[in-house]
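The values are calculated or read from the model by the stated rules, or taken from the named source; none is laboratory data. From a predicted model like this one, the values you see are computed outputs, not experimental measurements. Cβ placement follows ideal geometry from the backbone for every residue including glycine, while neighbour counts extend to all protein chains displayed. Heavy atoms of the whole protein, side chains included, go into the accessibility calculation; ligands, DNA and RNA do not. Shrake-Rupley method; radii C 1.70, N 1.55, O 1.52, S 1.80 Å.
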Amino acid sequence: MTGKPGAAAGGLYLHILVLAIVIVSELIGIQRLSIGLGTVIFLPILYAFALGIMLNPAIFKASAKFLSKDAVKLSGAMITVAIMPFIAKFGTTVGPQISKIIEAGPALVLQELGNLGTILFAFPVAVFLLKMGREAVGATYSIDREPNLALIADKYGLNSPEGAGAMGVYATGTLIGTFVFAIMPPLIHGLGIFDVRALAMSCGVGSGSMLAACTGGLVAVVPDQKDIILALAAASNILTYATGLYVGMFVALPLTEWLYNKARPSERKTA
Amino acid sequence: MANQTNTTANLADDLPLNPEDERKIDVVKHAGLLLIACAIGLIANWVGTGTSPLVALPGMAVLYVACIIGLGFARFVPFYLPSVAWVSLIAILITIPGVPGAAWVSEQVEHLNFLALATPALAYGGLALTASEFAIARRSGWKIVIVAICVMVGTYMGSVVVADLFLRLGQ
């Protein structure tokens, strides 16, 4: 055990390292890159995540000297703690805009069902184009964040093909989700087809980092609509927290199962 | 085959699969960790926007209290709602026009940039990834990467199309 930092010291190093990463990321600030179709937005949260990965003890061996296994575990616990002030700040944007939110109410509630768009789009790609097996059910029924992954674990177990599919999308989403959600909305806004309110209220997919990336990107390209973008995104994210698990359990997963059985009748499980 | 199944089970040990765990959280310990997170958030806000931590402090104090109350609700209310949902609801409630102090709260939190407050969480997130998570991503292969991108695009665009349609209908 000699040479390894104690639990308290490891925790202290972790917070100091995070502080350093945060300062560097905020100093770089928001960067814009104009391409033909629109603007690609790079946000400080992206640099922070990328720097975190680069200094992660599993990647950068020298970090293991400062960050013990316990410190990495503490870092995992700190994600949920550190996202809370952000979520609270997000909530405070809703109150002042409450009448506009109610005005957009039907669209706001019904777009939750639009999250089923993953099945419409990703399921055919997985099953017909990539010829995936039952992994496709776990992979495509939802965006596979924590509650969705828990549902798959509960229903099929994570050792199952469905579990492998869900874990794969979970891990990939964790690694590149922030990036995808920072880049995509400004580009879609650049098409000039959709109401910016629709782009904003779709940001709530049940992941704090994806929410931050999505709204950060939109506010960077439409700064004068900042207040309503934040308020709608916050409201939709709360709706997803409240309904996501149930939509997954009672609609998305049965629908994906049914589609899979239709697509591959020969594989049908004898129930 | 049995071997591979075993590895998957081991890999899964590190995944955050127990949302119910919030029922057992130690609110006091979390209050301390949250204080660290808020301090780093104030510095992120300072570097990112130039707003002095002293100016932003009252707003951050309000957010801190909202978070603690939210954690308490998630822990003690007899039905389950994630703490982030409670925190959001409290934050909304205290800023609705007409609620006592709402104008003051809105004015104070205006000194805090929402994006700067997310930066610390992402830094912790990058450092928290375990070898298993990298291993799952590597082993799932390129097909899963394509599917994951389709899942994210599909989830977002599905909502955009439905929302846009109903916003137009509502006008």
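A few comments on the model shown:
- Potential extension, A:S266-A:L129 segment - 0.36 nm per residue separation minus Cα distance: 47.5 nm
- Positive minus negative residues near A:T140 (Lys, Arg vs Asp, Glu; Cβ under 12 Å): -2
- Taking the centroid of alpha carbons for each part, the range A:118-185 and the range B:118-171 are 9 Å apart.
- Accessible surface buried upon A-B contact (total; probe 1.4 Å; Å², nearest 100): 8500
- Table column - 3J(HN,Hα) (Hz), the range A:129-145, Karplus curve with 6.51, -1.76, 1.60, x for Gly and Pro: 7, 9, 6, 6, x, 5, 3, 4, 5, x, 6, 10, 5, 7, 6, 6, 7
- Cysteines not pairable in the protein assembly as shown (beta carbon separation under 4.7 Å absent): B:C38, B:C67, B:C150
- Distance between the 7 Å Cα→Cβ label points at B:D26 and A:K100: 4.3 nm.
- Net dipole in debye of the protein assembly as shown [+1 Lys, Arg Cβ; -1 Asp, Glu Cβ; about Cα centre; nearest 20]: 840
- Looking at the range B:124-171, the accessible area is 41 square angstrom per residue; that uses a 1.4 Å probe and ignores ligands, DNA and RNA.
- Sulfur and carbon atoms: percent of accessible area, the range A:84-209 [1.4 Å]: 68
- Qualifying GluC sites (Glu not before Pro) in the range B:90-171, DSSP loop, other Cβ atoms within 10 Å at most 16: B:E110
- Our coupling estimate for the range A:234-247, obtained by passing each phi through the Karplus curve with A = 6.51, B = -1.76, C = 1.60 and θ = phi - 60°, is 4, 4, 5, 5, 5, 4, 5, 4, 7, 10, x, 4, 6, 4 Hz, Gly and Pro reported as x.
- Globularity index of the range A:1-82 is 1.33 (Cα radius of gyration / 2.2 N^0.38 Å, N = number of residues).
- For chain A, built as a Gaussian network whose Cα springs stay under 10 Å, the top-fluctuating residue of A:P96, A:P124, A:P44: A:P96
- Using the alpha-carbon positions of chain A, Rg (one decimal) and Dmax (whole number) come out as 20.5, 63 Å.
- Heavy-atom accessible area per residue - the range A:44-86, 1.4 Å, Å²: 45
- Point-to-point label distance, A:R32-B:L169, nm (Cα→Cβ direction, 7 Å offset): 3.5
- Converting phi to 3J(HN,Hα) with the Karplus coefficients 6.51, -1.76 and 1.60 and the offset θ = phi - 60°, the range A:105-122 yields x, x, 4, 5, 6, 6, 5, 4, 5, x, 4, 5, x, 4, 5, 4, 9, 7 Hz in sequence order, with x at every glycine or proline.
- Point-charge dipole on Cβ atoms (K/R +1, D/E -1) for the range A:1-82, about Cα centre, debye to 20: 240
- Measuring only protein heavy atoms, the 1.4 Å probe finds A:S266 accessible over about 110 Å².
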